[in-house]
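Okay, so here's the structure we're looking at.
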Amino acid sequence: MDSALSIALSVALGIGLAAAAGFRVFLPMLALSIAAYTGHLQLHENFAWLGTASAVATLSVAAVVEVLAYYIPAVDNLLDTITTPMALIAGAVLAAAVITDLPPVVRWSTAIIAGGGTAAITQGITTLVRAKSTAFTAGLANPAVSTFEMIAAAIMSSLALLAPLVIFCVLIARLMRRYRAQSR
């Protein structure tokens with residue numbers, strides 16, 4: 001694959017996973033860990049530990065606990081204050097883990113600014129939505145907000161991981177069309 005395309009895809013993957021981390025910190029990390037563990041995704045060598053069975057197990061437990069904790073009244077608002085800095089860190093880590101073809105300074109700058117920034121923005125919006133939900137419904141609508149956030153994190157993580165495959169298939173289809181057009 002072309003180096004520029006590879007870099008662009010890895011940055012896009014990192015930003016997509018980072019955005020998902022703004023909804024739930026551990027779901028996108030778990031998705032990344034499973035993809036790496038099953039051999040579907042290559043991580044930067046410094047993040048190879050994310051592709052181990054112990055990382056998958058640990059992140060599975062963390063994801064389940066995080067998802068369930070958001071359904072406990074008052075705990076959900078407390079978690080928003082705790083997960084805001086965690087989302088920023090997770091976004092940067094997720095981006096740095098998948099950006100493999102850039103020099104360290106560029107990789108980390110991109111990971112912190114694009115990955116951490118995207119996760120922080122997403123987390124900030126979800127925190128604001130939950131605060132408004134708590135204020136206007138006395139917390140009665142918070143489980144619906146939590147469900148939406150969980151689904152959004154799962155869908156965004158899946159789409160981020162599938163995007164390179166979709167782009168590859170589109171490129172192959174275009175190349176095949178050009179070849180057929182030239183051979184006529």
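Bear in mind that the values in this text are calculations on the coordinates, not laboratory data. Keep in mind the model is a prediction, meaning the values are calculated, not measured. For neighbour counting, all protein chains shown are included, and Cβ atoms are generated from backbone atoms with ideal geometry for every residue, glycine included.
Rounded to the nearest 20 debye, what is the charge dipole size of the chain about its Cα centre when +1 sits on each Lys and Arg Cβ and -1 on each Asp and Glu Cβ? Show your work: numbers first, answer last.
Values: 9 positive and 7 negative charges, 166 e Å.
So the dipole magnitude of the chain works out to roughly 800 debye.
Hey, rough spin-label estimate for Phe168 and Leu78, points 7 angstrom out along Cα→Cβ, what's it come to in nanometres?
Placing both labels 7 Å along Cα→Cβ, they lie 4.5 nm apart.
Hey, got the dipole for segment 88-184? About the Cα centre, +1 on K and R Cβ, -1 on D and E Cβ, debye to the nearest 20? Before the final figure, lay out each step's value.
Numbers: 8 positive and 2 negative charges, 129 e Å.
Dipole of segment 88-184, to the nearest 20 debye: 620 debye.
Counting only the backbone N, which residues of segment 56-99 are under 17 Å from the spot 7 Å out from the Cα of Thr147 toward its beta-carbon?
67-73
For segment 73-84, in order, what is each residue's ³J(HN,Hα) by Karplus, 6.51 cos²θ - 1.76 cosθ + 1.60 with θ = phi - 60°, in whole Hz (x at glycine and Pro)?
Each residue of segment 73-84 in turn: x, 6, 5, 4, 5, 5, 4, 4, 6, 6, 7, 4 Hz.
Of Ala114, Tyr179, Ile72, whose Cα points farthest to the positive end of the dipole of segment 30-184 (charges on the beta-carbon: +1 Lys, Arg; -1 Asp, Glu; origin at the Cα centre)?
Tyr179
Please rank Glu66, Glu149, fewest neighbouring Cβ atoms within 10 Å first, as an exposure proxy. Could the numbers behind the result be given before it?
Numbers: Glu66 20, Glu149 23.
Ascending Cβ contact count within 10 Å gives the list Glu66, Glu149.
To the nearest 500 deg cm²/dmol, what mean residue ellipticity at 222 nm is calculated for the chain from DSSP H runs of n ≥ 4 alone, each contributing -39,500 (n - 2.57), summed and divided by the residues? Let's see the in-between values first.
Numbers: 7 runs with 142 residues, N = 184.
-26500 deg cm²/dmol, from helical runs alone.
Match the structure shown to one of the listed values [x] 11.9; [y] 15.4; [z] 14.1 of mean projected area of the Cα convex hull in nm², computed from it, and give that label.
[x]
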